[in-house]
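Comments concern the structure below.
The values are calculated or read from the model by the stated rules, or taken from the named source; none is laboratory data. In this text the structure is predicted, and so the values were computed from the model without any measurement. Methodologically, a virtual Cβ is constructed for each residue, glycine included, from the backbone with ideal geometry; neighbour enumeration extends over all protein chains shown.
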Amino acid sequence: MTNKLRIHQQNLRKSSTATQDLLSNLEHSNTDLILIQEPHTNSNNKIMGFPSSSSMYQANSEIIPKTGIFVNNTSLFTKKIEDFSNSWITTIQIHLQQSPLIVSTVYIEPNSISSIHENLVRKLFKTYENVPLIVSGDFNARHTMWHNRITNKHGEVIYEIMNDFDLYLHNDQRPTCLTINGSSIIDLTLTNHKATPFIRNWNSKSNRQSIFDHALIEFDYISRDEIPQRIFNTTRRFNEGKADWGKFRDSINIEELNLAVRNIEHTQNKNKIEHNITKFTKIIQKAASQSMPIIKRSIYHKRSPWWDNELRCMQIVVQNKRYLFTKEKNLIAKQYLYEEYKHFRNKYVRTIRKKKFQQWKVFLEEINTNNTWGNTHKLIKNKLNPKTHTLPIIEDFPPNEHPKIIENIVNNMFPTHTNSPNIEHSTTQESPEQEYNISKEYIENLISKTSKKAPGSDNVTYTMLKAIREIISEPLAKIFSKCLNIGFFPQQWKKASLIIFPKPNKSDYHLHQNYRPISLLSSIGKLLEKILQIEIQNYLIENNKINPNQHGFTPKKSTITALFAIKNKILSDKQHKMTSLITIDFTGAFDNADWNIILNNMHQLQIPQHLIQMMHSYFHHRTITMKYNKIEYSKVMTKGCPQGSPLSPLLWNILINKLLDSFTITNASIYAYADDITVICSSTDLDGLQSIIIESLDFINNFSHQNNLKINFSKTKILNFHKKSFHQPIIIESNTIEIVNKLKILGVIFENHHLKSKINFTSHINSIVNKATITKNILISYCKNTFGIDNRKRKNLFKGLIRPMLTYGSEIWFDQINKSQKKKLESIQHQFLRNSAMAFKTVSKSCINCLTKIETLDTYISIKTMKFLHNNNIQRIDTPNPNLFFKELKKSKLLEIFSQTNQNFQSFFINNYVPKFVHTNYFTTQFSQHTGHLRSISAE
């Protein structure tokens, strides 16, 4: 930790080059804050040119900012003060040990100062008169008091404010703005009496440090105490990108590994088993520490890779040229030197742009890899779903309050169970009918199917386990067999590390319910959980114990099977009855699952006793720990299915299964996808329908009370598939259930249609088109006709990212939409495929389909629907080889499309299709289409 803040201030004159020049000057200075005036925005509402990995504070997105504060030190606790932030002023608060530090930057345009500016600045100094306050910026204020030749209106107003609030001006006689017409001191640094004693080393670098008009101002703030800093807590300790995997495998001490396993095999003592599992884990950790570096995160911005020695030399030349013309007294010589400076500056600017573009092109294209899901894909995903790494629930409050806040977060997200019924279960050891003897191959297969998820507190990742699966699969098989045979789930695999993420589109991020808790568990422990989950689920499926209306996390079931059942039920009931749909939302469903009730339900489902005993051990003394900086808070959990555990969805299904089995209300049907509950009610008359809805809601509400769950009535909605209104509101426990015109169920928006044989999906199609249009605009900015990822990667990106977005749930809604809506979707696909082929807008849809070898959306959805109906035994296809059938169908459709292309296009491909060896790009597409530059060349 340190007690010093390094602060810089710069007017950038709206220049991208000045921004890059500033960052290059500050590359090795460990600057904490940069106070910016006239930033580069490119006429947008966002300051550009600064790295996104750090925080930029500016005016809200409705206005073009004239000021901003860039927090280069990512470890500082900062927040924007909204009352004193707009287009011309930006104010932030930095948490110190004893009191906050307020830092504000100002830009007032020349000859524009008004009472609005004066009143807000006065209010700022009045509000924070008792805490340290720094105001630094370009006031365009000239006054003889700070060594200007003249005094203007701006200077008079600022001088009055300085006198009224007893402010200290840190400027000396050095000018802060130098132009060919002269110099002036208009960039001022003001502090109140609380901040003045702590300002050190104020300096105005007006000679060489900027290629533009304004000097770079720098100073330090030296605090009495150490400044609190954010520590990046993560369970990813090792940098696997720089790992020596051969050395990692060689570093595994096989002799010690086998000794630990033998000790486990030949004991019934659970403490000894625990001890030897710890030794097993430490062997892997030690090998990792010997073969891969620890992840180190710099708290400061690093220079962009395109900045090289050539640019550095050019920068020095330009700075020297500027220095020469500013010091020249002879006007004729000064004008000559200024023109020479401009020439070199413009050359410097062009070189920066060229190198930036070249590096950007290399970054996007990744020509040395065939990976479709590289930088371009990541950029698109980040634009579509921007992630925030800030936690306002903690960071907006002083550090001395953080321990209590952390404790409250954990206790609110994982409350202690106080009213659970005391259900007795046998705790005597029950051995399985046939002892487990898990094979090495089974564990190898299990490890190979794992993904790159974050590890638990032991820092052992799935990537590490995959690298040594041939070595550890047999030892793990023996350890897991032992655990299953004696009904013991090791304690160290029950320790969860808690991380929280802000839920998107929430208004108040100071509330714990607007964050999603994720439990990071041991990767090795999750393998045992997966085995346990497979064992229990196989028993339930083989014995038909799971209700068929549960579609979540069940083999051969999905969101599509759930939506298909819901759609068919609505259409069936709607033909002859009045129909309504209810969606039920449980408050913190997974986090409030009662363990005793789950165990009781397992008994009622007649799950083998040794598996129930294993679940007893799994639940016993589970802990959750949240770390933030050096603060750590742990508690023993008493309920809840940890989100991040392979077992959690199955445990929830066991809990909710009783609701699905016992729900027998006449003219009402219930469907579930994990904790998403949907009920469809129907009746021949309105009063009867309302009565069934109330009866259904009462039944589910009573179930909730009996099972220690709570319905979130504010998120529980009703959608009517009829035009009549209920005579009275539907009220459950004093909560009025909202009736809506449209409802999103498992990602698909349902609405009533005036025809009884239809469901309205207009809002859903509009939503798809809007999202796809946004994605298209993002994609086009990264994938131009002349640069970007190649045709193959673009097609894969379309198939893997775009088309699933366009067609999700199409098995449900495609037969319900009209021709105009289908045409919209085809048009969107055509725009993406045209980008894949790097073609001009004039190229026809049929030619684009042939060049990319991708069928129309209509054909794709038809095949997708046929596969769904066939796989779910709803409408079987009479063929011994369905995959070959679908392949031939797609091929015939593409041949049909080829026949619709123009004669010029067909003349290039004599076999009536585009061969596989033809890879489209900007030039080959023009050639085959006789368009663009090649058309003009051939015309000549």
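Looking at segment 152-179, which of the residues that are surrounded by 15 or more Cβ atoms within 10 Å (Cβ to Cβ) and in a loop (DSSP other than H, G, I, E, B) is farthest from the chain's Cα centre (by Cα)? Applying the filter and picking the extreme gives N152. Applying a threshold of 6 Å to beta carbon distances and a minimum spacing of six or more residues, or different chains, the list of pairs starting in segment 158-171 at a residue that is assigned by TED's automatic domain parsing to the domain that holds I113 and ending at one that is small (G, A, S) reads I158/A141. With respect to F480, is the statement that it is modelled with pLDDT of 95 or more, buried (at least 16 other Cβ atoms within 10 Å of the Cβ), of a type in the set (A, V, I, L, M, F, W, C) and over 19 Å from I284 (Cα atoms) true? For F480, the condition - modelled with pLDDT of 95 or more, buried (at least 16 other Cβ atoms within 10 Å of the Cβ), of a type in the set (A, V, I, L, M, F, W, C) and over 19 Å from I284 (Cα atoms) - is not met. Does any residue of segment 549-566 turn out to be assigned to a strand (DSSP E or B) and either under 30 Å from K282 (Cβ atoms) or modelled with pLDDT of 95 or more (or both)? Yes, there is a match, as at least one residue in segment 549-566 is assigned to a strand (DSSP E or B) and either under 30 Å from K282 (Cβ atoms) or modelled with pLDDT of 95 or more (or both). In a residue-by-residue description of segment 874-894, the property of being part of a helix (DSSP H, G or I), surrounded by 15 or more Cβ atoms within 10 Å (Cβ to Cβ) and among the hydroxyl-bearing types (S, T, Y) applies to no position. Might you check whether a residue that is over 30 Å from T278 (Cα atoms), out of contact with any strand residue (DSSP E or B) (no Cβ under 7 Å at 6 or more places or on another chain), at pLDDT 95 or above and not small (G, A, S) occurs anywhere in segment 512-529? Within segment 512-529 (the criterion being over 30 Å from T278 (Cα atoms), out of contact with any strand residue (DSSP E or B) (no Cβ under 7 Å at 6 or more places or on another chain), at pLDDT 95 or above and not small (G, A, S)), the answer is no, since none of the residues qualifies.
For every residue, the table says whether it meets (1) among the charged types (D, E, K, R); (2) in contact (Cβ under 8 Å) with a residue 40 or more places away in the chain; (3) under 21 Å from H620 (Cβ atoms); (4) not assigned by TED's automatic domain parsing to the domain that holds D250.
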residue	(1), (2), (3), (4)
T267	no, no, yes, no
K270	yes, yes, yes, no
I273	no, yes, yes, no
I277	no, yes, yes, no
F280	no, yes, no, no
K286	yes, no, no, no
H301	no, yes, no, yes
Q315	no, yes, no, yes
V318	no, yes, no, yes
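Scanning segment 180-206 for residues that are surrounded by 15 or more Cβ atoms within 10 Å (Cβ to Cβ) and polar (S, T, N, Q) yields S183, S184, T189, T191, N192, T196, N203, S204, S206. Would segment 141-151 turn up any residue that is in contact with a Lys or Arg (Cβ under 6 Å, 6 or more places away or on another chain) and either under 24 Å from V103 (Cβ atoms) or acidic (D, E) (or both)? No - not one qualifying residue is present in segment 141-151.
Is it the case that some residue within segment 520-531 is closer than 29 Å to F814 by Cβ and either of a type outside the set (V, I, T) or outside any helix (DSSP H, G or I) (or both)?
no
Listed by first and then second residue, the pairs linking a residue in segment 583-596 that is on the phi < 0 side of the Ramachandran plot to a residue that is of a type in the set (G, A, S) and outside any loop (DSSP other than H, G, I, E, B), with Cβ atoms under 8 Å apart and 6 or more places separating them unless they lie on different chains, are F586/S704; F590/S648.
Can you say whether I774 is in the same structural domain as M838 (by TED's automatic domain parsing), among the β-branched types (V, I, T) and exposed (fewer than 15 other Cβ atoms within 10 Å of the Cβ), as far as the supplied structure shows? So I774 fits the description; yes. The residue list I812, I789, I765, I802 contains one member that is surrounded by 16 or more Cβ atoms within 10 Å (Cβ to Cβ), assigned to a loop (DSSP other than H, G, I, E, B) and aliphatic (A, V, I, L, M), which is I789. Against the conditions (1) on the phi > 0 side of the Ramachandran plot; (2) crowded, with 23+ Cβ neighbours inside 10 Å, N111 satisfies every one except (2).
Pick from segment 492-517 the residues that are under 17 Å from the mean Cα position of the chain (by Cα) and surrounded by 16 or more Cβ atoms within 10 Å (Cβ to Cβ): which of them is farthest from S645 (Cα to Cα)?
Y509
Residue count for segment 265-280 satisfying the condition of being at pLDDT 95 or above and touching a helix residue (DSSP H, G or I) at 6+ places or on another chain (Cβ under 7 Å): 8. Would you confirm whether any residue within segment 617-626 is in contact with a Gly (Cβ under 9 Å, 6 or more places away or on another chain), at pLDDT below 95, assigned to a helix (DSSP H, G or I) and over 30 Å from L755 (Cβ atoms)? No; the residues of segment 617-626 include none that is in contact with a Gly (Cβ under 9 Å, 6 or more places away or on another chain), at pLDDT below 95, assigned to a helix (DSSP H, G or I) and over 30 Å from L755 (Cβ atoms).
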